[in-house]
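Read through the structure below, which is laid out as C-alpha cells, and then see the notes.
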C-alpha cells in the first residue's frame, strides 16, 4: 500500500470546503480525456518556458548548449508526478494503464518524439485521430495517456489561451533572433 499523491475531496454536507485526501495505489481514478485545446495550451506553456531557459543559456554560454538543454528539458518535462508545469496549470497528468502517474522513464521515452523537429505537429494529428483516449505515438509506445484532472474547465477556454500563447511564443523567438543578429550581423550575410 503505497501513496501515489494527494487529492482534493469534498465531504458530504461541507459544500465548497475541500479537504486533502491521500491517494493510495489501490484507489482508482476515473479517466477523463482532455480536449485538444487543453493539451495544446499545456504544450505552449512548456514550450515558452523551455525556449526561455534555452535562450538564457545560449546567451550566457553557447548556442550548442541550447540544444542539449532543450532536448533534456523536453524529455524530462513530465517527470513531476506525470506533469510538466504546463500540464499542472491546465490540470492534466500523464497516467499509465493503471491510472497511476507515469514514471520518469515512461515520461522521458514518451517525449522523445516531441524533441524531434516538426514531429509535434504529427503527434497532434495522431492525438486528434484517437477519439477514445487521445493517445499520440509516444503514449502508444509506453502505454500511457493524458488524464484530465479538472474536467469542469471547458476545453473551449483553452483555445483562446493557446492563441495568446502562440503569439507570445512567436514574439519570444523573433526577439531572440533579432538579438542574435544584433550581436552577430554576419549571421544574415551569405
| task | Scan 148, 130, 155 and give me the residue that is modelled with pLDDT of 90 or more, under 23 Å from residue 82 (Cβ atoms) and in the same structural domain as residue 95 (by TED's automatic domain parsing). | result | 148
| Among the numbered criteria (1) part of a loop (DSSP other than H, G, I, E, B); (2) closer than 27 Å to residue 59 by Cα, which single criterion is violated by residue 134? | (2)
| Among 153, 180, 128, which is part of a loop (DSSP other than H, G, I, E, B) and surrounded by 12 or more Cβ atoms within 10 Å (Cβ to Cβ)? | 153
| Which numbered condition residue 170 misses (of (1) in a strand (DSSP E or B); (2) closer than 29 Å to residue 63 by Cβ) | (1)
| note | Only one of 137, 94, 104, 122 is closer than 16 Å to residue 46 by Cα and either without any contact (Cβ under 8 Å) to a residue 40 or more places away in the chain or buried (at least 19 other Cβ atoms within 10 Å of the Cβ) (or both), namely 94
| Hey, residue 62 without any contact (Cβ under 8 Å) to a residue 24 or more places away in the chain and more than 22 Å from residue 167 (Cβ to Cβ) or not | yes
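The values are calculated or read from the model by the stated rules, or taken from the named source; none is laboratory data. These numbers were taken from a predicted model, which means no experiment stands behind them. Glycine also receives a Cβ, built like all others from the backbone with ideal geometry; neighbour counts cover every protein chain displayed.
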